[in-house]
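> One structure follows; several queries about it will come next.
The values are calculated or read from the model by the stated rules, or taken from the named source; none is laboratory data. What you see is a predicted model; the values in this text were computed from it and never measured. Neighbour counts are summed over all protein chains in view; Cβ atoms, including those assigned to glycine, are modelled from backbone coordinates with ideal geometry. For accessibility, only protein heavy atoms count, side chains too; no ligands or nucleic acids. Shrake-Rupley method; radii C 1.70, N 1.55, O 1.52, S 1.80 Å.
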Amino acid sequence: MNPVLITGCAGFIGMHCAKRLLEQGVPVVGIDNLNHYYDVALKHARLDQLRPHAHFRFVELDVADRPGMERLFAEVLPGKVLHLAAQAGVRYSIDQPDDYTDSNLLGFGNILQSCRKHRVQHLVYASSSSVYGGNTKMPFAESDAVDHPISYYAATKKANELMAHTYSHLYGIPTTGLRFFTVYGPWGRPDMALFKFTKAMLAGETIDVYGEGKLVRDFTYIDDIVEGIMRVLDKPATADAGYDSQHPNPGTSTAPYRIFNIGNNSPTLLMDYIAALESALDITADKRMLPIQPGDMHSTAADTRALQAWVGFAPAMPVSTGVQQFVDWYRSFYRV
Ligand code: NAD
């Protein structure tokens, strides 16, 4: 069996997906550049979850390194590619756009080229709810994404979708972009609100609540995300009845080009998310209310009917239970 290549496999979502595939006996080659955007020790600890599996191989590599990527693809001959490596984070993109150009644009171009050259069966890649920009029509359906992203991060994700379309159209590469909606859970990212709030509250520090607590997010639990990704990877990437109706420009591609929301279908006020955390930690947070940050969206909500129709995606985790799962992991991992 040709391995699945996972980029960004030392990352939050990448590690969980690699683990699930390995537990199913699927060989996985994982790559990651182990950058210092956040605590590298956490990335190594995630990799330690994968290393005991006999069919796992890790290669430290930057997706922006074209010769390195080409050598890797030629050697590994992946059947499918799950591309999750990216410079993530809306706020960081305001100060450090170059990192996004390198990883998210150049890196994505390299992925497409290698998938084309080695006739990969299916490229599944991470897009983001941020592509909906300042859209106020809720929930977001896939066709609601406008071409006015409000952060450079969002622009790179939207660009990825456009780039993927050309490779599906011109070279017959089946591609599926998944627009993730604020993913949270065990092994989650230190730059995201849940991690930052938990750390601060356990240290007795004040938490910074942007948008005066009125922001709304469709917080999606990691296990639901992994389940959705696995279903997409398992589904043969051929044109079928669901293809043309979902495609924004029916009939223009020679291979399936798909885009799906993958969210929780249950938008939650930031203050309610914080309340769930206060209850899980049994600590009342000292909150500093701050205005919305540049580049941030006010609200996100996923219409997930298209993914449900295609692979039966049905998110199951309520926020209160998911937040508790995160807290249990955090306390045991950091021994606090
Ligand atoms: P993450 O930062 O934990 O994982 C990304 C991994 O990619 C990291 O381990 C990082 O070291 C690696 N990486 C970054 N640039 C690289 C490069 N140039 N070459 C090789 N490796 C590189 O983030 P995550 O939360 O697991 O997100 C995975 C994907 O999903 C990303 O593309 C992200 O933009 C997207 N996404 C995530 C969320 C979310 O809520 N977590 C929401 C929307 C979209």
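> Can you tell me the relative contact order of segment 54-176? Whole percent, Cα pairs under 8 Å, sequence separation 6 or more.
29 percent
> For segment 184-228 and segment 16-34, compute the distance between their C-alpha centroids and round to whole Å.
24 Å
> So how much accessible area does M15 have, in Å² to the nearest 10, using a 1.4 Å probe?
Accessible surface of M15 is approximately 0 Å².
> Round to a whole angstrom and tell me the spacing of the C-alpha centers of segment 268-336 and segment 53-76.
33 Å
> Is there a quick way to get the dipole size of the chain? I mean about its Cα centre, with the Cβ of Lys and Arg at +1 and of Asp and Glu at -1; what is the value in debye to the nearest 20?
Here the chain has a charge dipole of around 580 debye.
> When Lys and Arg each count +1 and Asp and Glu each count -1, what net charge do the other residues less than 12 Å away from S114, Cβ to Cβ, add up to?
So the surrounding residues net to +2.
> Which residues' amide hydrogens lie under 5 Å from the amide hydrogen of A301, considering only partners 5 or more residues apart or on another chain, with H built in the peptide plane?
When sequence neighbours closer than 5 places are left aside, the close amide H contacts are F140.
> Turning to a different aspect of this structure: Under 1.5 on a/c is rounded, so check that first for segment 1-120, then, if it is not, pick prolate when a/b is larger than b/c and oblate when it is not; a ≥ b ≥ c are the square roots of the alpha carbon gyration tensor eigenvalues.
Verdict is oblate for segment 1-120.
> Tell me, in nm to one decimal, what length is gained between N35 and R71 on full extension, where the rule is 0.36 nm per residue of separation less the Cα-Cα distance?
Net length gain for the segment: 10.9 nm.
> If I stretch the segment between V146 and H44 completely, what's the gain in nm (0.36 nm per residue apart, minus their alpha carbon distance), one decimal?
Stretched out fully, the V146 to H44 stretch lengthens by 33.0 nm.
> Hey, what did segment 1-77 get for relative contact order, percent, Cα under 8 Å, at least 6 apart?
The value is 34 percent.
> While we're on this one: As a check on your grasp of the helix formula, calculate [θ] at 222 nm for the chain: sum -39500 (n - 2.57) over DSSP H runs of n ≥ 4, divide by the residue count, round to the nearest 500.
When only DSSP H runs of four or more count, the value is -12000 deg cm²/dmol.
> From the phi of every residue in segment 79-94, what ³J(HN,Hα) in whole Hz does the Karplus formula 6.51 cos²θ - 1.76 cosθ + 1.60 yield, where θ is phi - 60° and glycine or proline is x?
So the J values, rounded to whole Hz, are x, 10, 10, 10, 9, 10, 5, 5, 7, 8, x, 6, 5, 4, 5, 6.
> At K196 and D272, where each label point lies 7 Å from the Cα along Cα→Cβ, what is the point-to-point distance in nanometres?
2.2 nm
> Here's another thing I want to ask about it. Using a 1.4 angstrom probe and counting only protein chains, how large is the accessible area of S129 in Å², to 10?
10 Å²
> Give me the net charge of D296's neighbourhood, meaning all other residues with Cβ under 11 Å from the Cβ of D296; Lys, Arg count +1, Asp, Glu -1.
+2
> Could I ask something else about it? Out of residues 5 or more away from H122 or on other chains, whose amide H comes under 5 Å of its own, with H placed 1.01 Å from N in the peptide plane?
Those qualifying (amide H under 5 Å, at least 5 residues apart or on another chain) are V81.
> Moving on to the next point. May I ask you to compute the full-extension gain from M289 to A316, defined as 0.36 nm times their residue separation minus their alpha-carbon distance, rounded to one decimal in nm?
6.6 nm
> Counting alpha carbon pairs within less than 8 Å and at least 6 residues apart, what relative contact order, in whole percent, applies to the chain?
After rounding, I find 18 percent.
> Ignoring any ligand, DNA or RNA, what whole percent of the accessible area of the chain comes from carbon and sulfur when the probe is 1.4 angstrom?
C and S atoms contribute 52 percent here.
> Below 12 angstrom from the Cβ of T175, what's the summed charge of the other residues (Lys, Arg +1; Asp, Glu -1)?
+2
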